[in-house]
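Asker: Just dropping this structure here.
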Amino acid sequence: MTLILAISGNALGIAFIRAFNFPLPMIDIPLTSMWIILPLVLAVRRLPYTVRGSLSSLLLVHKSMEEAAENVGASKLRTFRDITVPLIWKGILVGALFSFLTSIQEASATIFLTLGGWEMIPFGIFTFYIAGSQSQAAALGVILIVLCALSL
């Protein structure tokens, strides 16, 4: 699951372009020309953080609690919903928050997939800095820092 972290963001962005730059069957539009490609690449790139946060919480749940629920007739789904999820929700939340915080700062994978009107803040910082407008790039950097601080 964590092997995706070994792949650079640039390679992942190019791989998404190569994999999804063909028209989808029912709508005849490539996935790379739709906004949904950005959340997909960010979810793939940062999913290991959520999984590891959830797994560490899941390891703390003693098996006897789930076995006790199953012994009194609860199904596997009900056991997961009523016993496991209330015990691991904090790990899921922390993993998802960490994934979100690293995703909004992601520039390498999204720089290839950004569409006009759907740019992310790091792409805007890069664009302003390259254009010679360091003050606007710094302002976007401050906005990104405040957004991350508020998320925490």
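Read the figures in this text as sums done on the coordinates, not as results from a lab. Just so we're clear, the structure is a prediction, and the values are computed from it rather than from any experiment. Counting neighbours? That spans all protein chains shown, and the Cβs are built from the backbone with ideal geometry, glycine included.
Asker: Which of the helices in the chain meet the span-like rule: DSSP H, Cα axial reach of 18 Å or more, Kyte-Doolittle mean at least 0.5?
Answerer: Answer set is 37-58, 85-103, 134-151.
Asker: I've got another one for you. Quick one: if the Förster radius is 41 Å, what FRET efficiency do Val44 and Ala68 give, using the C-beta to C-beta distance and rounding to 0.05?
Answerer: FRET efficiency, Val44 to Ala68: 0.65.
Asker: Let me ask something additional. Under a plain spin-label model, where a point goes 7 Å from the Cα along Cα-to-Cβ, how far apart in nm are Met26 and Arg81?
Answerer: 2.7 nm
Asker: Sum -39500 (n - 2.57) across every DSSP H segment of at least 4 residues in the chain, then divide by the residue count to get the 222 nm mean residue ellipticity, nearest 500.
Answerer: Dividing the helical sum by the residues of the chain leaves -20000 deg cm²/dmol.
Asker: Still on this model: Step by step: find N for the stretch 66-111, compute 2.2 N^0.38 Å, then divide the Cα radius of gyration by it. What's the final number?
Answerer: On the way: Rg = 17.0 Å, N = 46, 2.2 N^0.38 = 9.4 Å.
Relative to the rule-of-thumb radius for its length, the stretch 66-111 sits at 1.80.
Asker: How long are the three semi-axes of the equivalent ellipsoid of the chain, in whole Å, if each is the root of 5 times an eigenvalue of the C-alpha gyration tensor, listed from largest down? Don't skip to the answer; put the middle values down first.
Answerer: On the way: eigenvalues 282, 90, 32 Å².
One finds semi-axes of 38, 21, 13 Å for the chain.
Asker: Among Leu58, Pro48, Val72, flag the residue with its Cα farthest along the positive direction of the charge dipole of the stretch 33-80, charges on Cβ as +1 for Lys/Arg and -1 for Asp/Glu.
Answerer: Comparing the listed Cα positions along the dipole, Pro48 ranks first.
Asker: Most mobile of Met34, Met65, Met26 per a Gaussian network model of the chain (Cα springs, under 10 Å)?
Answerer: Top of the fluctuation ranking is Met26.
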